[in-house]
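A short worksheet on the structure shown next.
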Amino acid sequence: MSAASVHPRELYEVEVDRVDQEQWNNIVPKFDDANLIQTWAYAAVRWGEDRLGHIVLRRNSEIVAAAQVVAQTVPVLGAGICRVRGGPLWQIQGRDKDPEVLRHILRALRDVFLQRGMLLQIFPAGVQDRIGATRGLFEEEGFTLDIAAGSQQTALIDLSHSLENLRQSFRPTWRRNLVLAERNHFTIVRGDSDNLFEAVGNLYIKGLRRRGLTAVMSLARLKEIQRNSSQRMRVMLCEHQGKPVSGIAVPCLGNTAQAFLSGTSDDGLKLRGSYLLQWRMLEWLKENGPRWYDLDGIDRDDRGDTQFKLGFVGRLGLRAERFGCVETSHEGARMPFVRASLRLRKSYTDMRVALRSKRAR
């Protein structure tokens with residue numbers, strides 16, 4: 001793909017697939033809503049580099065928005081689906097949010113991909129705003145909510161508060177477990193090396209097996225993301241008597257850090273290693289600039305890890321709904337077949353995940 005066009009008012013210029021990996025790696029950190037999924041390294045490993053596309057929006061020659069797109073063509077039909085996950089990026093660091101920038105990048109995405117007979121789906125980064133203004137803008141630009149795709153809740157910690165107030169806001173049980181963990185003579189190891197990341201990955205995989213679950217990506221692919229990333233994840237490892245018992249890896253992009261990968265051994269559970277590790281990560285994030293710490297998803301019925309996360313978020317945090325999926329398309333003759341193909345693919349994927357989980361149990 002290669003194109004450039006000028007929208008009415010001749011203020012906004014759209015560039016399609018004119019950036020290489022190095023250029024994209026320099027663009028992403030310019031935005032407050034930057035996130036791991038919009039990085040080249042993550043998308044290339046997760047979906048394949050040959051399926052990636054990149055749109056850049058300029059206003060008066062300055063980059064003001066960008067989106068990484070993953071394309072999937074349905075064989076024979078000559079049509080397919082394009083997905084923007086964790087994007088588009090439109091909130092420039094150090095500036096107020098400008099809804100008109102979001103409007104123009106949505107129009108650019110719609111103009112480029114609908115002309116090609118594609119179904120365009122967007123999974124915006126972050127959570128829903130309380131007044132619904134952003135969702136309303138999507139609707140104005142012809143996007144509808146895909147109810148079938150569902151949505152996820154998450155929990156966020158507001159790092160603008162002092163460390164003392166944040167600690168006091170934890171639920172009493174969580175705060176008590178933190179005190180007990182601090183007495184267990186842990187050693188905290190910090191860095192972003194491949195070896196540290198692999199240690200966290202091993203704990204993550206073991207934790208999934210303990211619960212009879214399977215990973216979305218293999219450890220080898222997770223390690224490849226860290227190895228190839230220009231913005232490497234911050235890694236912390238909690239050791240007891242020289243043995244790793246808990247670990248966490250956090251991408252720090254934009255104004256939100258995300259608890260992307262974490263794991264705890266059986267010994268770590270007994271010794272409450274995760275409590276101390278999360279507190280130390282919060283301290284580090286507080287010193288290094290992000291406004292929010294996203295704990296990466298909670299269950300609606302508050303099962304399992306959700307109780308741990310909500311205890312950590314405490315009174316000063318936020319329980320919020322992610323945007324979910326919005327979509328738009330030209331409903332031509334081929335689109336019902338595209339949608340049917342997507343449903344079949346999803347059913348097949350769900351079946352494989354269920355079988356893998358059953359074997360793991």
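FYI, it's all coordinate maths here, none of it is from the lab. Remember, predicted model here, so these are calculated numbers, not experimental data. Positions of Cβ are backbone-derived with ideal geometry, glycine not excepted, and every protein chain shown enters the neighbour counts.
Quick notes
- Net charge contributed by nearby residues that have their C-beta within less than 13 Å of Gly207 (K/R +1, D/E -1): +1
- Potential lengthening of the chain between Gln115 and Lys270 amounts to 50.1 nm, from the contour at 0.36 nm per residue minus the alpha-carbon distance.
- For Leu276, Leu316, order by how many other beta-carbon atoms lie within 10 Å, fewest first: Leu316, Leu276
- Expressed as a fraction of 2.2 N^0.38 Å, the value expected for a compact globular protein of N residues, the C-alpha radius of gyration of region 30-70 is 1.25.
- Prolate/oblate/rounded call for region 227-328, Cα gyration tensor, a/c under 1.5 rounded: oblate
- Of the trypsin sites (Lys or Arg not before Pro) in region 14-90, those whose Cβ has at most 15 other Cβ within 10 Å and which sit in DSSP loop: Arg18
- Taking Ile122, Ile27, Ile188 and counting other C-beta atoms within 10 Å, the order from fewest to most: Ile188, Ile27, Ile122
- With all pairs of separate Cα atoms included, region 154-320 yields a Kirkwood hydrodynamic radius of 16.0 Å.
- Out-of-range pairs (alpha-carbon distance over 24 Å; input Lys223/Lys270; Lys97/Lys223; Lys223/Lys286; Lys97/Lys309; Lys30/Lys286; Lys243/Lys286): Lys223/Lys270; Lys97/Lys223; Lys223/Lys286; Lys97/Lys309; Lys243/Lys286
- Ascending count of other beta-carbon atoms within 10 Å, so fewest first, for Thr144, Thr214: Thr144, Thr214
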